[in-house]
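Read through the structure below, which is laid out as structure tokens, and then see the notes.
The values are calculated or read from the model by the stated rules, or taken from the named source; none is laboratory data. Note that the structure is predicted; figures quoted are calculated from it, not measured. Cβ placement follows ideal geometry from the backbone for every residue including glycine, while neighbour counts extend to all protein chains displayed. All accessible areas refer to the heavy atoms of the entire protein, side chains included, with ligands and DNA or RNA removed. Shrake-Rupley method; radii C 1.70, N 1.55, O 1.52, S 1.80 Å.
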Amino acid sequence: MRATGAAHKDFTIARIDDRLYGAFLEHLGRAIYSGIYEPDHPSADGNGMRGDVAQLVRDLNVPIVRYPGGNFVSAYNWEDGIGPRAERPTRLDLAWHTSDSNAVGVHEFADWCETVGTEMMLAINLGSRGLDEARQFVEYVNGPTGSYWGDLRAKHGRAAPFGVRHWCLGNEMDGPWQVGHKTADEYGRLASEVAKTLRAFDRSLELIVCGSSNADMKTYPEWERIVLDHTYESVDHISLHMYFANRENETALAAGAGEETLARNTANYLALNEKLDRYIATVQSTINYTKANKRSKHDVFISFDEWNVWYHSRQQDRAILDGNKGWPHAPRLLEDIYNFEDVLQVGCILNTFIRHADVVRIACIAQLVNVIAPIMTEPGGDAWRQTIYYPYYFASVFGRGTALQLQVNAPGYDSLHGDNVPYVDISAVHDAEGGTLTFFAVNRHATEKLDVKVALQGFEAGTVIDHRVMTHADLRATNTLGAQRNVTPRKGRGARVADGDLRVSMPPYSYQMIRVAV
């Protein structure tokens, strides 16, 4: 099969916001405890944070991390996580039916963020709490000394304000599962008042209002319209969430289905970013409608602050989530073990975000460590990279610059999520300062290689300076504690620039990153 395309220097989408490659950490399972924090671990620093995990995070160059939730935040008292550890209460978390010692709170998380070189995005509880608690949390974190909350922060060891710019006004408030779930009008009214109050404290804050938890919610997209009608002038972003699953193949494998059935299910799975594309476009249209309706000059963007593959662990988690295990502290929850098929999916998701860089300014992979995460740890033992670490790494490290509007002609297939889905999914980023043009490409075909030719227009003649390929004979191959490098990138062969065209051959079911000096 062949695919052709063109990348023109002047045909751009937008400058990619570095925050597109953000992440998320929630007080859920082992994300915090024995994830980033394990004071007895051989690599732990003076704050009890695992050094091996910190290094893997630094390698990813994560620009921003959302914290402390997630569903957890909707019944969270931020005051429980400040002051002397010995005096902090253990609380029961209703979202995940576990307990939390509060050994890690905003101070410890801020120190960890400084260690790994990232910025905090803090979520405010607008489920069980309200305006006063939100205002007090922001004042505690950012207020000056000489005031009550600033002095209390100084008493707890931090005189200078943390200077947190990004604040999420609740989490998934459209979801009936959420503690303090509200209608769109109820939430929109509350979020508007909270935003107004926080603006009175500091007009420079970036505020994120809750959009839909997923594109299958009955209230979507009317939720966005109503909430934005209340909040448009006072917020900067609206959040979206989406998780990706291939449950059909789980069932098919258990039933001993043949390769034809498995390949069809994989084809549908790898077409899910078509649904993601429509989700983003619909909310972008809703933003544009609201802006026009209000005759506003203000812009609101999308914060896609929860996304990832999530389905491998759901069955094994049921005993804890149903309350049959009591209230365990930091149990193994949502610990998806990712396979090579998920590498292809994550590559397609990231490509979609790059192609929507004009409206998606923030995105957070959910989550960062242990809980549906690219990084896994063993208590007292190793930390290692899951399969999906690598496409996230390549995009975060090399996907900084300007997203190009590619023109691509490729054969396609019909799926449950869209017709004529191209077998090649590709994005391109031009880093003018670094003098590079980087392509991220996925071949979704099960059996056919794809010969790709992209005309480089408006660029000086270039040369390939880096080429990385991920393939595996088994779509279900994983990286585990005992086989940590089973699925890893290798140096590619054959990618070249000739007569102004980038030419590369993509094996079936493969992910590639190609960098060209221009």
Does Gly22 count as of a type outside the set (A, V, I, L, M, F, W, C), surrounded by fewer than 18 Cβ atoms within 10 Å (Cβ to Cβ) and at pLDDT 95 or above?
no
Answer residue from the stretch 341-387, given it is among the hydrophobic types (A, V, I, L, M, F, W, C) and open to solvent by 10 Å² or more (accessible area, probe 1.4 Å) and is nearest to Tyr269 (Cα to Cα) among those:
Trp384
When the stretch 257-273 is checked residue by residue, the ones that are part of a helix (DSSP H, G or I) and under 16 Å from His445 (Cβ atoms) are Glu259, Glu260, Leu262, Ala263, Arg264, Asn265, Thr266, Ala267, Asn268, Tyr269, Asn273
Of all residues in the stretch 221-235, how many are touching a residue at least 40 places away in the same chain (Cβ under 8 Å) and more than 15 Å from Arg189 (Cβ to Cβ)?
2
Which residue pairs have Cβ atoms under 9 Å apart, sit 6 or more places apart or on different chains, and have a first residue in the stretch 105-127 that is free of Cβ contacts under 8 Å to residues at least 40 places away in the same chain and a second that is surrounded by 18 or more Cβ atoms within 10 Å (Cβ to Cβ)?
Gly105/Pro68; Gly105/Trp78; Gly105/Gly81; Gly105/Ile82; Gly105/Arg88
Candidate set: the stretch 279-323, residues that are surrounded by fewer than 17 Cβ atoms within 10 Å (Cβ to Cβ) and in contact with a His (Cβ under 9 Å, 6 or more places away or on another chain); chosen: the one farthest from Gly69 (Cα to Cα):
Ala281
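Can you pull out the residues in the stretch 353-369 that are in a loop (DSSP other than H, G, I, E, B) and in contact with a Leu (Cβ under 8 Å, 6 or more places away or on another chain)? Full working, then the answer.
Going through the stretch 353-369, the residues in a loop (DSSP other than H, G, I, E, B) turn out to be 356-359, 367-368.
Of everything in the stretch 353-369, those that are in a loop (DSSP other than H, G, I, E, B) and in contact with a Leu (Cβ under 8 Å, 6 or more places away or on another chain) turn out to be Ala357, Gln367, Leu368.
Being acidic (Asp, Glu), touching a residue at least 24 places away in the same chain (Cβ under 8 Å), within 24 Å of Asp358 (Cβ to Cβ) and outside any strand (DSSP E or B) is the requirement here; does Asp40 meet it? Even if it seems obvious, please write down each step before you answer.
Values: acidic (Asp, Glu): yes; touching a residue at least 24 places away in the same chain (Cβ under 8 Å): yes; within 24 Å of Asp358 (Cβ to Cβ): no; outside any strand (DSSP E or B): yes.
So Asp40 does not fit the description; no.
Sort out which residues of the stretch 169-186 are outside any loop (DSSP other than H, G, I, E, B) and either touching a Gly at 6+ places or on another chain (Cβ under 9 Å) or open to solvent by 30 Å² or more (accessible area, probe 1.4 Å) (or both), and write them in order of number.
Taking the stretch 169-186 first, the residues outside any loop (DSSP other than H, G, I, E, B) are 169, 184-186.
If the condition is that a residue be outside any loop (DSSP other than H, G, I, E, B) and either touching a Gly at 6+ places or on another chain (Cβ under 9 Å) or open to solvent by 30 Å² or more (accessible area, probe 1.4 Å) (or both), then Asp185, Glu186 are the ones that fit.
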Return the residue satisfying two criteria in turn: it lies in the stretch 122-157 and is of a type in the set (D, E, K, R) and open to solvent by 40 Å² or more (accessible area, probe 1.4 Å), and of such residues it is farthest from Ser303 (Cα to Cα).
Lys155
Given the conditions (1) surrounded by 19 or more Cβ atoms within 10 Å (Cβ to Cβ); (2) within 17 Å of the chain's Cα centre (by Cα); (3) in a helix (DSSP H, G or I), every one holds for Val62 apart from (3)
